[in-house]
């Protein structure tokens with residue numbers, strides 16, 4: 001597929017690529033170079049105040065808890081009173 005650089009260095013992504021990657025208006029794209037190639041990669045920008053959730057450490061803890069839930073090691077409280085009873089025991 002070919003595209004041309006237009007005025008103000010703009011390009012149009014071929015519709016086939018937009019559909020294949022499910023790109024939408026307003027999506028962010030990271031553009032890098034590698035030797036003589038231009039690499040365009042869709043990225044998700046996360047608000048800085050939420051970035052802690054996506055750290056490797058936090059994601060490992062999330063996976064660990066999900067596994068404990070699957071194994072029945074963690075029980076959900078029915079209500080606040082039940083939670084307090086579980087915490088006190």
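Each reported figure results from applying straightforward, stated rules to the coordinates on display, with no laboratory input. Just so it is clear, the model here is predicted, and its values are computed rather than measured. Positions of Cβ are backbone-derived with ideal geometry, glycine not excepted, and every protein chain shown enters the neighbour counts.
Structure notes:
- Between residue 83 and residue 35, full extension at 0.36 nm per residue minus the direct alpha carbon distance yields a gain of 11.5 nm.
- Added length on full extension, which subtracts the Cα-Cα distance from 0.36 nm per residue, residue 58 to residue 17: 11.4 nm
- FRET E, pair residue 1, residue 28, Förster distance 30 Å, beta-carbon r, rounded to 0.05: 0.90
- Between the helical axis of 56-70 and the longest alpha-carbon principal axis of the chain there is an angle of about 50 degrees.
- Euclidean distance of C-alpha centroids, region 20-40 and region 49-89, integer Å: 37 Å
- Checking (i) 301; (ii) 225; (iii) 110 against volume of the Cα convex hull per residue in Å³ calculated from these atoms, the matching label is (ii).
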